[in-house]
Amino acid sequence: VRERASLVYGTPAYYTAVMLFDILPMRVFPPCFFGFFTYWMVGLHKDCTFCLAYFLVILVLSNVASALMSMAIGAASPSNRVANYIGSLAILILSLFGSFLMNRGDLPAGCRWIANLSFLQYAYEALVVNEFHDSRTTFTLKVPIDTLPPLTVNGDGVLKQFQFNVEGKNSDIM
């Protein structure tokens, strides 16, 4: 910021430097390597290359959103110490309301607006819908009670149970 204020370089030079040395090597390449090498090892959609591409796009966009939020908090904070506290608190709150621990529909009405602000919630929903929607995999749940038959559920049944919005898959990454 100080270099920019003293006119050491202009906006195009700063933009090029950030794109080449921050966004690409730190925000785009690591999630692509992670996703490309672990996608099939974990057992996700073995025969769907579009699903892999969508998976990688979601990973990259959520990584960039996290970096941009952290940069904005750092730029608005008076010191690194304050920025670390605020950034940690922001990530903690966004993680708590990211639908990892509780269905979005089960949240109290006064807290749903926080879930709507969480980019982690949208990324998680897009990843889960990408994996389970129209999946040929069925899940068999065996109940320890002998009188009940095993319950077989498909991927859309899982999405419905956990209240994920299948129609919002593309809007989740916007």
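Listed values, structure above:
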item: Probe 1.4 Å, accessible area per residue of the stretch 107-150, Å²; result: 66 Å²
item: For Phe139, residues with placed amide H under 5 Å, excluding near neighbours; result: Val153, Asn154
item: Estimated inter-spin distance, Asn165 and Leu141, nm [label 7 Å along Cα→Cβ]; result: 2.5 nm
item: Neighbourhood charge, 14 Å Cβ-Cβ cut-off, centred on Tyr124 and excluding it, Lys, Arg +1 and Asp, Glu -1; result: -1
item: The stretch 43-171 - percent of accessible surface contributed by carbon and sulfur, probe 1.4 Å; result: 64 percent
item: Relative packing of peptides 57-63, 28-34 - highest average C-beta neighbours within 10 Å first; result: 57-63, 28-34
item: Under the span-like rule (Cα at least 27 Å along the axis, Kyte-Doolittle mean at least 0.0), DSSP H helices of the chain; result: 49-76
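The values are calculated or read from the model by the stated rules, or taken from the named source; none is laboratory data. For clarity, every value in this text was computed on a predicted model and none was experimentally measured. Positions of Cβ are backbone-derived with ideal geometry, glycine not excepted, and every protein chain shown enters the neighbour counts. Each accessible area value is taken on the protein alone, full model and side chains, heavy atoms only, with ligands, DNA and RNA left out. Shrake-Rupley method; radii C 1.70, N 1.55, O 1.52, S 1.80 Å.
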